[in-house]
1. What's the total number of residues in segment 243-266 that are part of a helix (DSSP H, G or I) and either among the charged types (D, E, K, R) or surrounded by fewer than 17 Cβ atoms within 10 Å (Cβ to Cβ) (or both)?
2. Could you tell me whether any residue of segment 269-284 is buried (at least 17 other Cβ atoms within 10 Å of the Cβ) and either more than 18 Å from the chain's Cα centre (by Cα) or closer than 28 Å to Lys173 by Cα (or both)?
3. Do we find that Ile81 is assigned to a helix (DSSP H, G or I) and either under 14 Å from Glu277 (Cα atoms) or within 22 Å of the chain's Cα centre (by Cα) (or both) in this structure?
4. Residues being over 22 Å from Ser217 (Cα atoms), assigned to a loop (DSSP other than H, G, I, E, B) and in contact (Cβ under 8 Å) with a residue 12 or more places away in the chain: count how many of those fall in segment 147-170.
5. So which residues in segment 137-153 are in contact with a strand residue (DSSP E or B) (Cβ under 8 Å, 6 or more places away or on another chain) and either surrounded by fewer than 20 Cβ atoms within 10 Å (Cβ to Cβ) or among the acidic types (Asp, Glu) (or both), if there are any at all?
6. Just the residues that are out of contact with any Leu (no Cβ under 9 Å at 6 or more places or on another chain), in a helix (DSSP H, G or I) and open to solvent by 40 Å² or more (accessible area, probe 1.4 Å), please, taken from segment 102-126.
7. Any idea which residue in segment 32-49 is nearest to Lys287 (Cα to Cα), counting only those that are of a type in the set (D, E, K, R) and free of Cβ contacts under 8 Å to residues at least 40 places away in the same chain?
Amino acid sequence: MQGLVFWLVYPLLWLISILPFRIFYIFSDFIYFLVFRVIGYRRSTVQKNLRMVFPDKPSEELIRIEKVFYKHMCDMFLEMIKSISISNEEIQKRFKFTNLEVLRDIESRNKSIVLMCAHYASYEWIIALQLYGLKYKSFGIYKKIRNRYFDDMVRKIRSKLGGELVNTHKATKRIIQNEREGLRGNYAMIADQSPRLQRSNLWMKFMGISVPVFEGSEKLARGLDLNVIYLHVEKTGRGFYEATLVPITENAPEEPEHFITQKFFELLEKQIREKPEYYLWTHKRWKHRNEPVPEGATRVS
């Protein structure tokens, strides 16, 4: 059944991916109309999240943010599909890095890197990083897709540029193995996910609300002495993005406990407050806010 679903859907995805960009974004406008106006996909969640984190903003501004967000979300989803056929030259033109010398300097010191990423602007075209002549291989830590055919498709899209996706369940073991074998790498991790309540060992404020947070990136960096960088992505135009590498630490084992995780959320929150329309508001990031902090968990003020 998984194979049948894939082969029924894949031809449509491929046709969408080869559309010229002008028509591609007209199609995105149509998808926006369906998702926002007709289906109303998760609109109640988006509105609830926006009211929760921006209690002082007038309703007109929240409506504006909501509309721009849905247009951006549709663009980003279709840009993921565009990755099926996009050329290396085109993706380099549309996803630029402003300061790759930061990575090259770390490479010269033979240290691996944790790229702490967020559900902000575009996290689909980070694969462009592998096209800039860096020595290190890039690894994307991701949650495996249930349909193995679509999972294979996503991994092939990433690998065609030289990167590699690693399942979250295998990531720690793989990174430790790479370090032991002297294979340095750039490890991109989406770090603003909401952990399961039974695994919520660290709580801190994000957008003014106390929530559980993942600390896997920090634990790996501290345990293996990896450099940590925040990937600051800005949307500069429709289908165009600019990424800046913001160093968090060059000496993770010596940093105070929770400093890396807290710094990540501070940088992300600053970005969201400046341009909230590009954060993934359909994500139920604050769903555990009213839950009691589990016994033994740490709360960072």
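The values are calculated or read from the model by the stated rules, or taken from the named source; none is laboratory data. As the structure is a computational prediction, the values presented were derived from the model and not from experiment. So basically every Cβ, Gly included, is an ideal-geometry build from the backbone, and we count neighbours across all protein chains shown. Surface areas here come from the heavy atoms of the whole protein model, side chains and all, with no ligands, DNA or RNA. Shrake-Rupley method; radii C 1.70, N 1.55, O 1.52, S 1.80 Å.
1. The initial filter retains those residues of segment 243-266 that are part of a helix (DSSP H, G or I), namely 252-254, 259-266.
Imposing the further condition that a residue be either among the charged types (D, E, K, R) or surrounded by fewer than 17 Cβ atoms within 10 Å (Cβ to Cβ) (or both) reduces the set to 253-254, 263, 266.
Qualifying residue count for the region: 4.
2. No.
3. Details: assigned to a helix (DSSP H, G or I): yes; either under 14 Å from Glu277 (Cα atoms) or within 22 Å of the chain's Cα centre (by Cα) (or both): yes.
Yes.
4. Looking only at that region, the number is 3.
5. Lys137, Tyr142, Lys143, Lys144
6. Asp105, Ser108
7. Result: Lys48.
Results for (1) of a type in the set (A, V, I, L, M, F, W, C); (2) more than 22 Å from Glu277 (Cα to Cα), shown as yes or no for each residue.
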| residue | (1), (2) |
| --- | --- |
| Arg42 | no, no |
| Arg51 | no, no |
| Pro55 | no, no |
| Glu61 | no, no |
| Met76 | yes, no |
| Glu89 | no, yes |
| Lys93 | no, yes |
| Asn99 | no, yes |
